[in-house]
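*Asks:* So that we are looking at the same thing, I have put the structure below in structure tokens.
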Amino acid sequence: MMTLAIGVVRTKALAVLLGPAGFGLLGVYGSVADLARAVVGMGINNSGVRQIAEAASSGDSQRVAATRAALQQVANLLGLLAVVVLVAFCRPISQLSFGTTEHAVPIALLSIAVWLRLVGDGQTALLQGMRRVGDMAKSGVLAALLGTFVGVPIVYVFGTDGAVPSLITGAAAVALAARWYARKSPVRRLRIAFPRFRQEATLLLKLGLAFMASGLFVMAVAYLVRIIIVSEGTLDDAGLYQAAWVVGGLYVGFVLQAMGADFYPRLVGAADDDERCNRLVNEQACVSLLLSGPGVIATLTFAPLVVALFYSADFAAAVDVLRWICLGMALRVFTWPIGFVIVARNRQLVFFFTELAWATASVLLAWAFVREFGLDGAGIAYFASYAFHACVIYPIVHSLSGFHLSASNGRTALLFVVLIAVTFCGFHALRPVAATALGSLALVISVTYSLRALATLLPIDRVPAAMRPIFALLHRRQPRSH
């Protein structure tokens with residue numbers, strides 16, 4: 001929650017200082033950096049988590065220490081490789097991204113940010129693999145504070161010329177904070193001989209190829225969609241889309257990232273047990289829906305207020321695309337925990353082709369809808385891509401582990417589908433005041449339902465003291481089965 005609040009302040013400040021065009025430029029730079037990180041990083045931020053978690057579950061401290069040493073050395077080497085790649089290809093990347101080479105120097109400087117993020121990924125993977133969730137949270141807050149307090153003043157002083165330096169300071173903050181808390185890990189430091197390093201590095205990179213493909217597809221889609229928007233419209237349009245995309249994913253991403261910190265390592269430990277694996281996924285899907293659903297409905301209902309709060313009046317045109325992105329985020333909540341089964345089972349080819357199918361559909365849909373509907377088409381394409389992803393991922397996971405949604409999760413999903421659909425359609429069929437009233441009613445229903453459901457899942461003594469009176473009123477004696 002603290003990281004979310006700091007992110008709101010940072011986003012608002014950057015939007016006001018840069019305006020739609022400058023914010024769009026920042027978004028394109030960020031996409032370039034993320035894409036380079038996905039390509040050169042070889043997925044070590046995810047494969048590292050899996051290898052650390054697997055080593056930790058074995059109880060072999062020597063194995064954990066060797067995996068940690070290899071992970072950190074690989075992260076450093078890949079970071080240096082990223083510097084070489086971006087500096088060498090800065091001119092063609094600038095030409096592809098902006099239609100001119102005048103952004104070549106800023107893109108070359110982005111290599112520093114990518115290097116720092118890869119170093120930070122190695123440290124964060126250690127924390128997550130060891131399930132040190134508290135340290136991960138503290139690291140995230142510290143990184144957000146450092147990145148905001150240094151990055152925003154840079155943009156204030158230098159304007160759009162400060163966009164890349166602000167990204168570099170944000171990456172440096174992540175690396176420093178992660179390193180600080182990784183030093184507190186009980187895993188001892190170990191110098192490993194080259195044969196052992198080669199063995200561990202091979203495992204990391206072999207598994208990381210599948211993760212790299214996934215990250216590459218996600219970043220490539222984000223990058224190509226922005227290129228499509230700029231080519232069919234203007235840099236202002238890219239800024240509006242960036243604004244909607246950030247706000248639409250802020251709350252959902254916050255919930256999923258917070259829960260995924262512990263869910264993924266636990267699922268790796270249960271990957272060979274179908275019954276336990278499916279139970280964990282159903283539990284995670286339940287909590288994801290209960291926590292994210294009301295946030296999606298609130299964003300749909302109060303989208304104009306949210307855009308004004310996060311940005312400025314110049315971003316008012318982002319409201320409609322924000323609502324379409326919210327629909328996509330709702331589907332992402334559904335598919336997110338289910339898709340982890342493929343990763344936990346280490347089915348690399350299956351994972352690769354499902355991500356490839358989603359990425360291909362995303363780009364083709366964006367190309368078609370942006371040409372037809374303009375900026376709103378980018379939001380429609382985002383929603384349609386996750387509808388496609390849900391249709392692909394569910395039957396695959398069912399075939400791997402026999403997974404199916406529990407009856408209670410099916411009822412919960414149906415309720416939120418109805419509430420979200422009614423809220424969204426209300427703004428296309430009713431006057432704004434009536435639509436807002438209808439959305440507010442849907443929000444009250446969703447919040448009440450979520451609180452009552454969560455009260456059955458969580459013992460009163462585990463609830464924060466400030467919320468116990470509310471949960472005491474809603475608590476049911478008979479917990480629901482999931």
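The values are calculated or read from the model by the stated rules, or taken from the named source; none is laboratory data. Just so it is clear, the structure is predicted and the values come from calculations on it, not from any experiment. Glycine also receives a Cβ, built like all others from the backbone with ideal geometry; neighbour counts cover every protein chain displayed. Areas reflect the complete protein model, heavy atoms only, side chains present, ligands, DNA and RNA absent. Shrake-Rupley method; radii C 1.70, N 1.55, O 1.52, S 1.80 Å.
*Asks:* Phe373 to Thr101: extension gain in nm, 0.36 nm per residue of separation minus the Cα-Cα distance?
*Replies:* Once the chain is fully extended between Phe373 and Thr101, it gains 94.9 nm.
*Asks:* To the nearest 20 debye, what is the magnitude of the charge dipole of segment 254-355 about its Cα centre, counting +1 on the Cβ of each Lys and Arg and -1 on the Cβ of each Asp and Glu?
*Replies:* The dipole magnitude comes to about 20 debye.
*Asks:* If you don't mind, another one. For a quick check of understanding: with a 1.4 angstrom probe and all protein chains in place, what accessible area in square angstrom does Val141 have, to the nearest ten?
*Replies:* Only protein atoms counted, so the area is about 30 Å².
*Asks:* Ok, one more. Determine Rg/Rh for segment 127-255; Rg is computed over alpha-carbon atoms and Rh is the Kirkwood hydrodynamic estimate from the same atoms.
*Replies:* Ratio of gyration radius to Kirkwood radius: 1.05.
*Asks:* What number in nm² do you get for segment 62-201 if you take the convex hull of its Cα atoms and divide its surface by four?
*Replies:* Dividing the Cα hull surface by four gives the mean projection, 9.5 nm².
*Asks:* Once you list every other residue whose beta carbon is under 15 Å from the beta carbon of Phe424, what net charge do they have if Lys and Arg are +1 and Asp and Glu are -1?
*Replies:* Taking every other residue near Phe424 into account, the sum is -1.
*Asks:* What does the convex hull of the Cα atoms of segment 1-44 come to per residue, in Å³, rounded to a whole number?
*Replies:* With only Cα atoms used, segment 1-44 gives 70 Å³ per residue.
*Asks:* Once you treat every alpha carbon in segment 31-88 as an equal point and sum by Debye, what is log10 I(q)/I(0) at q = 0.21, 0.30 Å⁻¹?
*Replies:* So the normalised log intensities are -0.77, -1.15.
*Asks:* Ignoring ligands, DNA and RNA, please state the percent of accessible area on the chain from carbon and sulfur, probe 1.4 Å.
*Replies:* 66 percent
*Asks:* Given charges of +1 on the Cβ of Lys and Arg and -1 on the Cβ of Asp and Glu, with all other atoms neutral, how large is the dipole of the chain about its Cα centre, in debye to the nearest 20?
*Replies:* 1620 debye
*Asks:* Further question on the same structure: Measure out, as a whole number of angstrom, how far apart the alpha-carbon centroids of segment 1-70 and segment 271-295 sit.
*Replies:* 23 Å
*Asks:* Next up: For a protection proxy built on the mean count of beta-carbon atoms within 10 angstrom, sort 29-36, 304-311, 98-105 highest first, please.
*Replies:* 29-36, 304-311, 98-105
*Asks:* Would you compute, from DSSP H runs of 4+ residues alone, the mean residue ellipticity of the chain at 222 nm, taking -39500 (n - 2.57) per run and dividing by the full residue count, rounded to the nearest 500?
*Replies:* -30000 deg cm²/dmol
*Asks:* Please state the shape class of segment 382-455: rounded when a/c is under 1.5, otherwise prolate if a/b exceeds b/c and oblate if not, all from the C-alpha gyration tensor.
*Replies:* Oblate shape, in that a/c is at least 1.5 and b/c is the bigger or equal ratio.
*Asks:* Follow-up. How would you order 161-172, 403-414, 13-24 from highest to lowest mean count of nearby Cβ atoms within 10 Å?
*Replies:* Peptide ranking by packing, descending: 161-172, 13-24, 403-414.
*Asks:* Residue farthest toward the positive end of the dipole of the chain, with Cβ of Lys/Arg at +1 and Asp/Glu at -1: which of Leu17, Pro469, Leu327?
*Replies:* So the residue furthest toward the plus end is Pro469.
*Asks:* To continue, here is another question. Positive end of the dipole of the chain, charges at C-beta (+1 Lys, Arg; -1 Asp, Glu), about the Cα centre: which of Ala244, Thr456, Ala413 has its Cα farthest in that direction?
*Replies:* Checked the options; the winner is Thr456.
*Asks:* Could you tell me which of Ala177, Val157, Pro304 has its Cα farthest along the dipole of the chain towards the positive end, charges placed at Cβ (Lys, Arg +1; Asp, Glu -1), taken about the Cα centre?
*Replies:* After comparing all options, I get Ala177.
*Asks:* Which trypsin sites (Lys or Arg not before Pro) in segment 91-199 pass both tests, a DSSP loop state and at most 15 other beta-carbon atoms within 10 Å?
*Replies:* Arg183, Lys184, Arg188, Arg189, Arg191
*Asks:* Stick to Cα atoms and the Kirkwood definition of Rh, then tell me Rg/Rh for segment 201-312.
*Replies:* With Rh from the inverse mean 1/r over Cα pairs, Rg/Rh is 1.07.
*Asks:* In segment 212-288, which GluC sites (Glu not before Pro) fall in coil by DSSP and have 12 or fewer other Cβ atoms within 10 Å?
*Replies:* none
*Asks:* Using a/c under 1.5 as the rounded threshold, could you call segment 110-193 rounded, prolate or oblate? The axes a ≥ b ≥ c are square roots of the C-alpha gyration tensor eigenvalues, and prolate needs a/b larger than b/c, oblate otherwise.
*Replies:* prolate
*Asks:* To continue, here is another question. Size of segment 272-365 along its principal axes in angstrom, Cα-based, largest extent first?
*Replies:* The Cα atoms of segment 272-365 stretch 52, 32, 16 Å along the principal axes, largest first.
*Asks:* For all pairs of alpha-carbon atoms in the chain, what percent lies in each bin of width 10 Å, listed from the first bin to the last filled one?
*Replies:* Each 10 Å bin holds this share of Cα pairs: 4, 18, 30, 29, 15, 3, 0.
*Asks:* In addition: Is segment 289-430 rounded, prolate or oblate when judged by the Cα gyration tensor, a ≥ b ≥ c being the square roots of its eigenvalues, rounded requiring a/c under 1.5 and prolate requiring a/b larger than b/c?
*Replies:* Taking the square roots of the gyration eigenvalues as a ≥ b ≥ c, segment 289-430 is oblate.
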